[in-house]
Every structure is written in C-alpha cells, then in structure tokens.
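The values are calculated or read from the model by the stated rules, or taken from the named source; none is laboratory data. None of these values were measured; they are calculated from a predicted model. Glycine also receives a Cβ, built like all others from the backbone with ideal geometry; neighbour counts cover every protein chain displayed.
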Amino acid sequence: MTTRTTTPEVLERIGRERLLDFLYQMVFLRRFEERAGELYTKGKIRGFLHLYTGQEACAVGSISVLRPEDRVVSHYRDHGHAIVKGVDPKTVMAELFGKATGCAGGRGGSMHLFDVQKNFLGGYAIVAGHMPIAVGLALAAKMSGEDWIAMCIFGDGSIAEGEFHESLNLAALWKVPVLWFCENNLYGMGVHLKESLVTDITKLAAAYEIPAVKVDGMDVVAVHEATREAVEYVRREKRPYFIEAETYRYRGHSMADPELYRVKEEVEQARKRDCIERLRRQLEEVGWLDEAGFHAINERAEAEVEACVQFAEESPEPGIETLYDHVLKGDPHGRPTNA
Amino acid sequence: MAVLRMRDALREALREEMRRNPKIFLMGEDIGKYGGSYAVTAGLLEEFGEERVRDTPIAESVIVGAGIGAAMAGYHPMVELMTINFSFLALDQIVNNAAKLLYMSNGQINVPLVIRMASGGGSQLGATHSHSLEGLYAHFPGLKVVCPAFPADAKGLLKRAFRDQNTVIFIEHTANYGLRGEVPDDPDFLIEFGQANIVREGRDVTIVGYSGSVHQALRAAEILAEQEEVEAEVIDLRTLRPLDIATVVESVKKTNRCVVVEDDWKFGGFAGEIAALVMEHAFDWLDAPVARVCSKDVPMPYNRTLEYAALPSEEDVVDAVLAMF
C-alpha cells in the first residue's frame with residue numbers, strides 16, 4: 001500500500017470547510033444506512049438491501065474529486081455512491097421504499113439506483129456487469145473529444161469475473177479515460193479474497209499496463225489524495241487508472257447474512273480503523289473541530305435522514321397504469337404483438 | 001433498383017447510415033481489416049477509418065457492454081458478434097443491461113444499439129456453430145428482434161434499426177448472405193418493424209416463416225401448387241419482436257390452416273408462440289391444429305446426411321400441409 005501520512009499540510013490544502021463536509025457526508029451515509037437497516041426489519045424496504053457502513057470513506061473520498069459531468073457506474077452496494085454523486089438522498093430513500101418519487105420511480109430498488117441528471121448512471125447488480133459499460137462510456141468521452149471521464153466502482157468480488165479482465169484489457173488497449181475503483185472489503189459475499197484470488201489485485205491491473213495504487217480505504221483523506229492524482233492522470237492522458245481501496249463492511253453482505261464466515265473480533269478490529277472516528281480525530285488535532293461541533297454534525301445528519309424517511313413515507317406508490325411504461329423508448333405501451 | 005446479394009444490401013445500409021449519422025460506429029471481431037466473417041463490412045474500414053470501424057479482441061461481453069456504454073453517452077453503435085453462437089458469451093449484457101436499462105431507470109436511460117449476428121445450420125459446422133435462436137431473443141421485453149429473409153428487407157430493416165431508440169437484435173441467416181434480389185437505392189428506404197410480408201398469396205393454407213425458413217416455405221408452396229393443387233399463402237414475419245400476428249391471423253381466417261416453419265428446435269421455440277397466438281385469435285377458423293415444422297430435437301450433427309435429417313426441409317413442410325387435408 002502506498003503509505004500516505006496525513007500531514008497538517010495535506011489537511012490545509014484540502015481545507016477546513018471541505019474536510020468538515022467530508023465528515024458530514026460520511027456521518028450522513030452512516031446514519032442513512034443504519035436507518036435503512038431498521039426500516040428493512042420493519043418491512044418498509046424489501047428485496048435485497050446491501051448496507052455500506054464502514055466503507056463511507058471510499059465514496060466520499062473518491063467521488064468528491066469528480067466534476068458533475070463525469071459519469072459514475074457502481075455495483076449493488078450503491079446508496080453511498082449515488083448520494084455523494086449528487087443524487088438527492090430523499091429520492092434514494094424513496095427508491096428503497098419503491099415509491100414513485102424514487103430516483104428510479106420505484107422500478108429499480110436498492111441495487112438499481114439511477115439519476116441521469118447527476119450522471120449517476122446506475123447501480124448494477126450482476127457482479128462486474130457494469131465494467132464493460134464503463135469502457136463504452138469512456139470510449140464515448142474520448143471519441144467525442146469532451147473532457148469528462150468515467151468512473152467505475154466495483155468490489156473485490158468482481159476480480160475473478162471474466163468481464164473484469166475483458167474490460168481492463170480493452171480500456172488499456174483503446175486508451176480510454178476510465179478510473180477503475182475497487183472497493184476491496186475482503187469478502188465476495190462470504191468468501192474471503194484469499195479463497196477466490198491467487199494473486200494481488202493491483203498486480204492484475206499492472207499486467208494490463210494500467211497504473212495502479214492501493215490506498216487505505218478507511219482514511220477519507222488518503223482516498224481523496226489518491227483519487228485526485230488518479231483523476232488528473234485519467235483526464236490528462238485519456239487512459240485508465242486503477243485504485244484499490246482497502247476497506248471493510250461492518251454489516252453482513254445483505255440483510256439476510258448470518259455472517260458465519262467471520263468472527264466478531266475481526267469486525268471489532270476493523271471498527272478501530274473507522275473512517276468517521278479517524279477524520280474526527282484528525283480535525284480535532286488541528287483544532288478545526290470540537291465535541292460540540294461533531295455533535296452538531298451528527299444531529300444535522302440524523303435530521304436530514306429523518307426528512308428522507310418522511311419524504312419516502314409520504315410519497316405515492318407508482319400507479320398500476322404505469323406498469324408498461326418504459327419497456328421501449330418511443331413506444332408508449334411496448335407490447336410484443338399487434339393482436 | 002439494383003440487384004444485390006444480401007451481404008451487399010446489408011453493407012449498403014451500414015454505409016448509408018454511417019454517412020447520414022456521425023454518431024454511428026461499428027465494433028466487432030474481424031469487421032475491419034478482415035472485412036467481416038461474412039464479408040458484410042468489407043470496405044467500410046477504408047471509407048470510415050479505424051475510429052468508426054473498430055476491430056475488437058475476441059471478448060463478446062465487453063464488446064456488447066462497451067456498445068451499451070457508448071449508446072448511453074450519445075452514440076449509436078453497431079456491434080457485430082459474428083454469429084449467434086457467440087452471443088451467449090454476451091447474454092448478460094444483452095438481457096440484463098441492453099434490454100432492461102430503460103425500464104429499471106424509469107425511462108432515464110435508453111440504449112440505441114444494433115447487435116448483428118449470423119445464425120442457422122446447414123453448413124456442417126456441428127452442434128456449437130449451428131444455432132437458430134432468434135426466438136430466444138424475442139422472449140425478452142425491451143429488445144427488438146429482426147430477421148430478414150430477402151436483400152431488400154435486409155437493407156430497409158437494418159436502416160430502420162439505426163432510427164430506433166432501443167436495442168435491436170439483427171439476425172441474418174448464413175444461407176441467405178449470397179441470395180440475390182432487387183434492392184432500392186433510395187437512401188430513405190426504410191421498412192417499419194412489426195410488419196409481416198405476404199410473399200406468396202394462396203387460399204388453402206398459411207405457411208409462416210422468417211429468415212431462412214421463408215425459403216423452405218416458398219419451395220414447399222411451389223411443390224404443393226405443382227403436384228397437389230394446394231395454393232399456400234406464405235408469410236415472412238420479418239421481425240419477431242414486435243410481431244405482426246394480425247397479418248397471420250387474417251390469413252388464417254381465409255385459409256383455415258396454418259403451418260409454422262422454423263430452424264430452431266420445436267420444444268420451447270418461437271413456432272409454439274405463433275401457434276398459441278393463432279389459437280387465441282383464430283381458434284374458430286381453424287380446420288386443423290396448427291402444425292410446426294422445426295429442427296429435430298438433437299444437437300446439430302456434423303455429418304451431412306444427419307444434418308439434413310435434423311433440419312426442417314421443404315418436404316417436411318409439404319408433408320405437414322398435406323396431413324391437414
């Protein structure tokens with residue numbers, strides 16, 4: 001791993017206001033996911049629900065580097081990525097509720113969030129299935145001569161999929177501006193990375209001649225600094241770059257996971273590296289935050305999350321009459337025959 | 001009008017559409033320097049350059065996925081997968097992404113993409129290289145499935161595919177590539193999807209086919225007329241999704257008999273869908289159960305005699321028709 005010491009100079013460069021915003025975003029995502037977990041147990045949210053708690057520094061540190069016109073595609077643990085990319089969290093919560101006001105109109109659910117206005121082009125629930133799409137987006141950016149880039153977020157579970165290799169190869173071969181961002185939380189569902197991959201993740205990127213770095217994914221400042229350098233490279237060189245962020249998810253793979261594959265002590269150890277506590281400490285050390293300040297951030301986040309829940313609760317269900325909408329573009333009904 | 005082979009008609013469609021719309025580009029295995037496995041894209045690299053005619057690695061999934069991604073960002077790509085047999089390697093991209101993104105995103109993302117592939121047996125290529133699975137793709141809401149039988153249709157339908165805002169699966173029978181026919185040279189010549197074509201009029205029986213099987217149906221119709229005094233009406237579906245079942249139903253109401261001819265297997269195939277639709281909409285007009293003439297229920301054998309026995313033939317169609325009287 002590239003060791004990054006968070007010096008006061010680094011904090012100074014990013015700036016107090018921005019770092020406090022990072023802290024707020026991470027706390028917000030933590031509260032949002034905890035609340036979603038509760039609402040799942042109450043039956044307000046159904047289907048599969050994959051919580052992001054523990055991994056917040058990855059989304060906040062990386063996506064905060066992007067411009068609005070940069071495109072992001074993500075995996076099924078996607079709430080954090082959507083929200084940091086600018087998708088209104090009210091519409092994310094409403095989507096989890098399956099409501100008409102959801103960012104996918106209640107048609108997608110937790111694993112399939114979309115907001116084209118924010119260039120969040122989807123959560124994809126087939127492992128590695130969005131990696132080829134990222135190549136195509138980046139190809140379009142390059143062919144059009146526009147200055148935006150594509151960012152593709154995927155987990156360590158994607159690495160053994162064929163599409164990972166097809167996509168890294170083609171992106172490097174055609175020299176397209178895509179940032180590969182691997183959230184390595186050590187587990188593909190319940191299988192440890194050691195049991196599914198024979199080599200090191202960044203070595204695979206290097207084999208495709210893509211510059212690759214490992215970064216501490218529990219340190220938002222480190223993720224931000226690594227991503228800033230990566231994005232500068234991708235935008236300037238119009239070539240792919242690869243970041244592996246070493247992170248950890250506190251909750252099970254989904255709400256249905258009894259977590260038989262790991263011991264509680266392992267989770268406790270990871271919590272000692274918690275991204276929120278870490279940034280809080282760093283900010284306290286330089287005198288930019290005190291206990292009252294953190295308390296205020298947490299209260300604001302909780303109130304915002306409650307506003308999201310209220311919005312979702314009060315929103316209407318999609319009408320039955322809309323069932324056939326959007327099967328085909330330009331065809332209001334999309335029926336297969338003229339019978 | 002010019003007389004063109006089907007592969008040349010397809011190339012004309014690509015050329016005209018690429019000239020018309022700079023957002024169209026082509027990707028696929030050996031479509032550039034090699035000119036395409038079935039020579040459909042021959043010469044296009046020279047005219048449009050490497051940026052718009054892209055040779056790819058043999059990696060079907062990323063080719064289709066990259067096509068989807070570029071389509072999401074304002075392009076109208078065409079991906080050539082060489083044959084339908086190789087499309088299985090890209091099935092997740094086609095089924096889970098191309099077909100569903102519009103619906104899952106609540107109408108925010110459409111995927112204007114043309115995916116071309118060759119299909120069909122009869123060339124002694126064995127079980128892995130002889131599939132006719134047009135009906136498989138027709139199964140999925142969110143896709144359009146086109147399978148022309150004649151050069152003019154091939155051109156008009158392929159040009160129409162590039163005017164669509166959705167993903168179009170465009171399937172060409174290998175036996176048809178060399179087929180000649182008159183093809184309009186009007187650059188605005190388009191054939192609308194969901195319009196079957198009555199390619200031979202008749203009063204006694206309706207024979208329905210598409211792609212390769214239209215030609216078996218036509219040969220069978222000639223035999224029936226010459227030897228049995230049976231006048232068959234032959235319908236070329238041209239597109240499976242959307243499907244013009246109304247034309248079939250109208251014909252069956254006139255002829256009271258229906259045979260569906262398909263290169264795919266009978267069990268679970270598209271011919272069964274046609275039969276069910278005819279039953280639903282013309283039950284009272286039928287004088288006999290709808291018959292299906294399809295491939296035998298075996299993986300395609302290599303041996304020539306065995307392969308001929310496995311595929312539907314015009315004799316099989318004639319027998320199926322005569323069994324109804």
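The table that follows gives values for the structure above.
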{"item": "Counted residues, segment B:103-128 - those being over 30 Å from A:T101 (Cα atoms) and out of contact with any strand residue (DSSP E or B) (no Cβ under 7 Å at 6 or more places or on another chain)", "result": "7"}
{"item": "Selected residue (criterion: nearest to A:D216 (Cα to Cα)) from residues of segment A:239-276 that are of a type in the set (D, E) and surrounded by 14 or more Cβ atoms within 10 Å (Cβ to Cβ)", "result": "A:E246"}
{"item": "Selection within segment B:33-56 - assigned to a loop (DSSP other than H, G, I, E, B) and under 27 Å from B:S105 (Cβ atoms)", "result": "B:T56"}
{"item": "Residue within segment A:28-43 that is crowded, with 20+ Cβ neighbours inside 10 Å and within 15 Å of A:Q282 (Cβ to Cβ) present", "result": "no"}
{"item": "The lone exception for B:H76 - which of (1) of a type outside the set (A, V, I, L, M, F, W, C); (2) part of a loop (DSSP other than H, G, I, E, B); (3) within 8 Å of another protein chain (Cβ to nearest Cβ) it fails", "result": "(3)"}
{"item": "Residue under evaluation A:D290, criteria (1) surrounded by 12 or more Cβ atoms within 10 Å (Cβ to Cβ); (2) without any contact (Cβ under 8 Å) to a residue 60 or more places away in the chain; (3) of a type outside the set (A, V, I, L, M, F, W, C), criterion not met", "result": "(1)"}
{"item": "Boolean, B:G120 is within 14 Å of chain A (Cβ to nearest Cβ) and of a type outside the set (A, V, I, L, M, F, W, C)", "result": "no"}
{"item": "In segment B:273-315, the residues that are crowded, with 19+ Cβ neighbours inside 10 Å, within 22 Å of B:E222 (Cβ to Cβ) and not aliphatic (A, V, I, L, M)", "result": "B:R292, B:C294, B:P312, B:E314"}
{"item": "Any hit, segment A:149-156, residues being within 23 Å of A:L51 (Cβ to Cβ), more than 9 Å from chain B (Cβ to nearest Cβ) and among the acidic types (D, E)", "result": "yes"}
{"item": "Residue match in segment A:82-101 (condition: part of a loop (DSSP other than H, G, I, E, B), crowded, with 24+ Cβ neighbours inside 10 Å, in contact (Cβ under 8 Å) with a residue 24 or more places away in the chain and among the basic types (K, R))", "result": "yes"}
{"item": "Some residue of segment A:303-326 being touching a His at 6+ places or on another chain (Cβ under 8 Å), within 24 Å of B:Y103 (Cα to Cα) and free of Cβ contacts under 8 Å to residues at least 12 places away in the same chain", "result": "yes"}
{"item": "Selection within segment B:57-73 - buried (at least 24 other Cβ atoms within 10 Å of the Cβ) and either of a type in the set (A, V, I, L, M, F, W, C) or in a loop (DSSP other than H, G, I, E, B) (or both)", "result": "B:V62, B:I63, B:V64, B:A66, B:I68, B:A70, B:A71, B:M72"}
{"item": "Of all residues making up segment B:67-126, the number that are touching a Gly at 6+ places or on another chain (Cβ under 8 Å) and β-branched (V, I, T)", "result": "4"}
{"item": "Single match in B:G212, B:G142 (criterion: more than 18 Å from B:V114 (Cβ to Cβ), surrounded by 19 or more Cβ atoms within 10 Å (Cβ to Cβ) and in contact (Cβ under 8 Å) with a residue 12 or more places away in the chain)", "result": "B:G212"}
{"item": "Leading residue by the ranking (nearest to the chain's Cα centre (by Cα)) among those in segment A:103-146 that are facing chain B (nearest Cβ under 8 Å) and without any contact (Cβ under 8 Å) to a residue 12 or more places away in the chain", "result": "A:F114"}
{"item": "Every residue from segment A:11-20 that is surrounded by fewer than 16 Cβ atoms within 10 Å (Cβ to Cβ) and in a helix (DSSP H, G or I)", "result": "A:E12, A:R13, A:R16, A:E17, A:R18"}
{"item": "Residue identified as at positive phi and modelled with pLDDT of 95 or more among A:G293, A:G287", "result": "A:G287"}
{"item": "Every pair of residues 6+ apart whose Cβ atoms lie under 6 Å, when the first sits in segment B:30-43 and is in contact (Cβ under 8 Å) with a residue 60 or more places away in the chain and more than 14 Å from B:M78 (Cβ to Cβ) while the second is part of a loop (DSSP other than H, G, I, E, B) and acidic (D, E)", "result": "B:S37/B:D30"}
